[in-house]
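The structure under discussion appears below in the form of structure tokens.
The values are calculated or read from the model by the stated rules, or taken from the named source; none is laboratory data. All figures in this text were calculated on a predicted structure; none of them were measured in a lab. Positions of Cβ are generated from backbone atoms using ideal geometry, with glycine treated the same way; all protein chains shown enter the neighbour counts.
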Ligand SMILES: C[S@@+](CC[C@H](N)C(=O)[O-])C[C@H]1O[C@@H](n2cnc3c(N)ncnc32)[C@H](O)[C@@H]1O
């Protein structure tokens, strides 16, 4: 070849993507990924390919990033009703370099402070973040989105338990966490997430908008907010509105419509039988579909004594 060096550019399919969720998110599916992987549609397991991936309750995206690292996903649509979360995905998609720079600046400032001053700083940022909310333009992408996502990631990495929780006014209300050396800027992962989001449409809306993207070649993974295990379990309020039993029924109707489309559907939720063996809530809603129960460790429970082995219910139409 006359000494000529040929550089072969990798196509996105060939790049080994190892992205992980960029936020810690309540209900994150990390614990369950291996179980869910085993029960994917056979054609995905055989061909190592997903033509059209749809996730209408994406949250931190543990399942999406996991599948992205193992299968060739041609295109995908990620949806969530939480507008702060969706800003995060969009900024990583459009301005990840600026995001990384600003996160590094904030990380240096925070880590150089004494314990007392870190605390003050955390609450200052939280206050700015909450005040900004009323006037913020969540509709039209603009430069201000970058700093809001910097704050979102900062608060998520330095707040108590790495939670994202809002009060009824939509204000972020998590207290400071006492981490010695929090990794506020995980540069490598943000770059990976940016790569993983190629050919991905990101939408802030109710799950029902997924309908227009779902066809017979789609694989749809649905992970709605958990139905509370008991009345005191308050970790189902992912958004200002919460997700009621009425929403669970709306979701069943949606599921039945999509099943008629020929799409492959997998849905997970907490198993109400963990609490009451006679509770047939999901068994009744999803009669006619394949219902499987798998052990899962619940990561977030306000009561430490209740962190333990609990079943997750999985509903498939294939
Ligand atoms: C159990 S979490 C998903 C967790 C995700 N699988 C993960 O690994 O992080 C449920 C998500 O549903 C979102 N959500 C709640 N109501 C919704 C709705 N009506 N439409 C779409 N998303 C909704 C919440 O904002 C939350 O991110």
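Considering only residues that are within 13 Å of the ligand (Cβ to nearest atom) and either over 15 Å from residue 269 (Cα atoms) or modelled with pLDDT under 90 (or both), look in segment 213-232 and name the one that is surrounded by the fewest Cβ atoms within 10 Å (Cβ to Cβ). That would be 228. Considering only segment 40-53, I want to know if a residue exists there that is closer than 16 Å to residue 218 by Cα and within 16 Å of the ligand (Cβ to nearest atom). The answer is yes, given that some residue of segment 40-53 is closer than 16 Å to residue 218 by Cα and within 16 Å of the ligand (Cβ to nearest atom).
Yes/no per residue for (1) assigned to a helix (DSSP H, G or I); (2) under 28 Å from residue 194 (Cβ atoms); (3) within 23 Å of the chain's Cα centre (by Cα):
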residue: 100; (1), (2), (3): yes, yes, yes
residue: 103; (1), (2), (3): yes, yes, yes
residue: 117; (1), (2), (3): yes, no, no
residue: 128; (1), (2), (3): yes, yes, no
residue: 151; (1), (2), (3): yes, yes, yes
residue: 169; (1), (2), (3): no, no, yes
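Scanning segment 54-87 for residues that are away from the ligand (no atom under 11 Å from the Cβ) and in contact with a helix residue (DSSP H, G or I) (Cβ under 6 Å, 6 or more places away or on another chain) yields a total of 4.
Take residue 125 and tell me if it is under 13 Å from residue 100 (Cα atoms) and in contact (Cβ under 8 Å) with a residue 12 or more places away in the chain. So residue 125 does not fit the description; no. Each residue in segment 183-206 was checked for being buried (at least 18 other Cβ atoms within 10 Å of the Cβ) and in a loop (DSSP other than H, G, I, E, B), and 3 pass. Checked against (1) at pLDDT 95 or above; (2) more than 16 Å from the ligand (Cβ to nearest atom); (3) over 30 Å from residue 123 (Cα atoms), residue 154 passes all but condition (3). If you check 96, 123 for being surrounded by 15 or more Cβ atoms within 10 Å (Cβ to Cβ) and more than 12 Å from the ligand (Cβ to nearest atom), only one passes: 96. Among residues of segment 15-32 being modelled with pLDDT of 90 or more and over 17 Å from residue 270 (Cβ atoms), the one that is farthest from the ligand (Cβ to nearest atom) is 18.
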